[in-house]
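To keep things clear, I will list the structure first and then write my remarks on it.
Values quoted throughout were computed directly from the atomic coordinates according to the rules given, and no laboratory measurement underlies them. Treat the numbers as computed from the prediction; the structure is a model and nothing was measured. A quick note on method: Cβ atoms are made from the backbone with ideal geometry, for glycine too, and the neighbour counts reach across all protein chains shown.
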């Protein structure tokens with residue numbers, strides 16, 4: 001068992017070094033990504049109030065789009081009713 005570990009450990013370390021340092025440097029990506037924590041720094045995190053304001057903006061945009069769609073649907077409904085009345089008169 002110790003013999004197998006002695007032979008596999010250098011290969012494992014080489015693959016680890018290549019995948020965590022060499023390839024990210026070549027492709028201009030983050031190095032040692034496997035060992036970094038996912039915590040964000042306080043400067044990068046937004047406050048709850050900021051997130052609420054952003055959400056309000058998105059909701060307001062969605063409401064305005066809904067109003068536009070409602071107007072279009074009502075116009076189409078009116079024209080469909082007019083066509084139906086014309087057909088009934090014929």
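Here are a few things to note about the model shown:
- Average projection area in nm² (convex hull over Cα atoms of segment 49-90, one quarter of hull surface): 2.5 nm²
- Annotation: Cα Rg of the chain relative to the compact-globule expectation 2.2 N^0.38 Å equals 2.56.
- Nearest-ten-degree value, helix 48-89 long axis tilted from longest Cα axis of the chain: 40 degrees
- GNM on the chain, alpha-carbon springs under 10 angstrom: the most fluctuating residue among 50, 75, 60 is 75.
- Approximate spin-label separation residue 85-residue 2, in nm, with each point projected 7 Å along Cα-to-Cβ: 9.9 nm
- Mean residue ellipticity at 222 nm, helices only, the chain: -24000 deg cm²/dmol; runs of at least 4 DSSP H residues each add -39,500 (n - 2.57), and the sum is divided by the number of residues.
- C-alpha long axis of helix 2-17 to longest principal axis of the chain, angle in °: 50 degrees
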